[in-house]
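Only one structure is covered here, and it is reproduced in the block below.
The values are calculated or read from the model by the stated rules, or taken from the named source; none is laboratory data. None of these values were measured; they are calculated from a predicted model. When we count neighbours, we look across all protein chains shown, and the Cβ atoms used for this are built from the backbone with ideal geometry, even at glycine.
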Amino acid sequence: MGKLLIFSAPSGAGKTTIVHHLLTKFPELEFSISATTRQARGDEENGKDYYFISKEEFLHRIAKKQFVEFEEVYSGTFYGTLRQEIERIWANGKTVIFDIDVEGGLHLKRKYQDQALAIFVQPPSLEVLIERLTGRGTDSEEKLKERFAKAEKELNYAPRFDVILKNYDLATACAEAEKLVGDFLYK
Ligand code: ADP
Ligand code: 5GP
């Protein structure tokens, strides 16, 4: 059994940006590609950012018990981690890195305990989070509202994680993330 690095936060906090940065720095890491029923946005690619699958296929995979965890993160939109994804990465001798919502992150931490480091990415405030999410320009007004409402609740989950990583200034946050990951990989 290998190790797992979990990055969780409300949408817009910057976890995807930080995870992408870490993947360029640490060849020991491999990204856990989640399955989702949402549409690809911008330059996202199937099999790289997500496995984009239909709701029917998602439900079929739930019935077959293929997910380590899954959630209806937004109403009607499912996201989940496939057991075979973790096994594939460990078989390559790598540590799995996750970009996952707070409930999913805590679920994985409960399951894998000391094999996992669970990091909460914290934005300076809800206002800044809203600015970042709006500035990203990838979601409709309706989708944005749903994300803001969820984000407000999710900010309260921070103390339940192993570490809180402040993402105020991006370069500082990336440097701190590198230190955390280095300590976890080589301890
Ligand atoms: P998440 O994966 O948590 O939803 P993203 O990584 O997509 O968040 O970041 C949301 C937006 O905020 C992106 O447009 C990203 O470029 C921007 N961003 C991330 N971190 C910072 C930061 N420290 N300062 C300013 N903008 C940031
Ligand atoms: P987005 O649509 O912005 O890519 O992701 C929405 C939310 O779903 C984010 O908080 C993201 O981290 C989370 N997410 C992505 N993959 C998974 C997964 O496999 N399981 C769970 N529980 N959440 C996920």
Item to check | Unmet requirement for residue 50, which otherwise passes all of (1) away from ligand 1 (no atom under 12 Å from the Cβ); (2) modelled with pLDDT under 95; (3) surrounded by 13 or more Cβ atoms within 10 Å (Cβ to Cβ) | outcome: (2)
Checklist entry - Conditions: (1) at pLDDT 95 or above; (2) within 11 Å of ligand 2 (Cβ to nearest atom); (3) surrounded by fewer than 18 Cβ atoms within 10 Å (Cβ to Cβ); (4) assigned to a loop (DSSP other than H, G, I, E, B). Residue 71 meets all but one. Number of the miss? => result (4)
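Considering only the range 132-187, how many residues are polar (S, T, N, Q) and touching a residue at least 24 places away in the same chain (Cβ under 8 Å)? Quick ask: steps written out before the conclusion?
Our first condition is that a residue be polar (S, T, N, Q); within the range 132-187, this holds for 134, 138, 140, 156, 167, 172.
From what's left, touching a residue at least 24 places away in the same chain (Cβ under 8 Å): 138, 167.
Summing the residues that are polar (S, T, N, Q) and touching a residue at least 24 places away in the same chain (Cβ under 8 Å) in the range 132-187 gives 2.
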Next on the checklist: Of the residues 26, 98, only one is among the aromatic types (Phe, Trp, Tyr) and either without any contact (Cβ under 8 Å) to a residue 40 or more places away in the chain or away from ligand 1 (no atom under 12 Å from the Cβ) (or both); which?
Outcome noted: 26
Checklist entry - On the given criteria, is residue 110 touching a helix residue (DSSP H, G or I) at 6+ places or on another chain (Cβ under 9 Å) and of a type in the set (Lys, Arg)? => result no
Checklist outcome for this item: Requiring at least 3 residues that are at pLDDT below 95, in contact with a Lys or Arg (Cβ under 9 Å, 6 or more places away or on another chain) and closer than 21 Å to residue 50 by Cα, the strands (runs of 3 or more DSSP E) wholly within the range 88-171 are none
